[in-house]
Amino acid sequence: MAQLEQIADEAPPGPDPAVETAPTSIADVIERMRALGALCPEGDGVGVFNQVYLAVTEAVGGEFDAGRFPDRAAASVLDVRFAEHYLTAIGTAERGGLAPECWRPLLQFRRHPGVRPVQFALAGINAHIGHDLALAVVDTCRTLGCAPPDLEDEFERVGDLLVLLEERVREELMPGPDLLEIADPLTHLLTSWSLQRARDGAWSAAKVLWRLRAVPPLAEEFRRRTDATVGLVGRFLLTPCG
């Protein structure tokens, strides 16, 4: 057990995304994800999540450049703020700081030999939706001077991005049917987490945080409890199955 804990706690010296300033555009986000991915060694859990997130973000960037978003300003701000929380969490950890609890399981177990790539990817999605998405909605509302209901269309478009992300994870990283039939614990883990429930929870959390903005201590308490809960789910998703 001590040996497994030591392996789980190990982390490579990179990546160091050095997020010193906030990204300002989808192109900037893509550039930073590419830089982070280039520094992740093969099999690294953060790198696994980053790879699929980058691929989907590149596709969304193409859609954005083609003018397929009715409210380009709102969509850009929400997408950038959303990605910023992920990049900041990883950057903080790499500089020796303390990342939000939702990201700590992935950071801790990123090199564990008994965790499958699909688990790393879903743990990243869980942290990003369960904690970061609600904060991104509130950030966007503050930036644009609006309220969450005004961003519902943009939120749904981000949700479409997340559906693409989950589909890509399951298509590229899911073990074959024969292996899943044998690996009962992995089958249980993969079917116990729901993207739709996570999206619904993020939207509800965003509305609560917005209502609590006039009482910062309560808003922070709500955020911390949400963060801790999402972190627990992340640890469950990263249960070694190998």
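Listed here are the residues, each with its yes/no results for (1) open to solvent by 10 Å² or more (accessible area, probe 1.4 Å); (2) among the polar types (S, T, N, Q); (3) modelled with pLDDT of 95 or more.
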position: HIS85; (1), (2), (3): yes, no, yes
position: CYS102; (1), (2), (3): no, no, yes
position: GLY114; (1), (2), (3): no, no, no
position: VAL118; (1), (2), (3): no, no, no
position: CYS141; (1), (2), (3): no, no, yes
position: CYS146; (1), (2), (3): yes, no, yes
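Would a scan of segment 198-213 turn up a residue that is of a type in the set (S, T, N, Q), out of contact with any Leu (no Cβ under 9 Å at 6 or more places or on another chain), assigned to a helix (DSSP H, G or I) and open to solvent by 80 Å² or more (accessible area, probe 1.4 Å)?
No; the residues of segment 198-213 include none that is of a type in the set (S, T, N, Q), out of contact with any Leu (no Cβ under 9 Å at 6 or more places or on another chain), assigned to a helix (DSSP H, G or I) and open to solvent by 80 Å² or more (accessible area, probe 1.4 Å).
Whether a residue is more than 13 Å from the chain's Cα centre (by Cα) and buried (at least 20 other Cβ atoms within 10 Å of the Cβ) was assessed, and LEU164 does not pass this test.
On the stretch given as segment 37-60, residues that are within 19 Å of LEU151 (Cα to Cα) and surrounded by fewer than 18 Cβ atoms within 10 Å (Cβ to Cβ) total 0.
Among the residues of this structure, ARG95 does not count as one that is among the basic types (Lys, Arg), modelled with pLDDT of 80 or more and either surrounded by 18 or more Cβ atoms within 10 Å (Cβ to Cβ) or under 18 Å from the mean Cα position of the chain (by Cα) (or both). In the set (1) buried (at least 17 other Cβ atoms within 10 Å of the Cβ); (2) farther than 20 Å from GLU101 by Cβ; (3) touching a Cys at 6+ places or on another chain (Cβ under 9 Å), the condition left unmet by ASP132 is number (2).
The values are calculated or read from the model by the stated rules, or taken from the named source; none is laboratory data. Computed from a predicted model, the values in this text were never measured in an experiment. Positions of Cβ are generated from backbone atoms using ideal geometry, with glycine treated the same way; all protein chains shown enter the neighbour counts. SASA here: full protein model, heavy atoms, side chains in, ligands and nucleic acids out. Shrake-Rupley method; radii C 1.70, N 1.55, O 1.52, S 1.80 Å.
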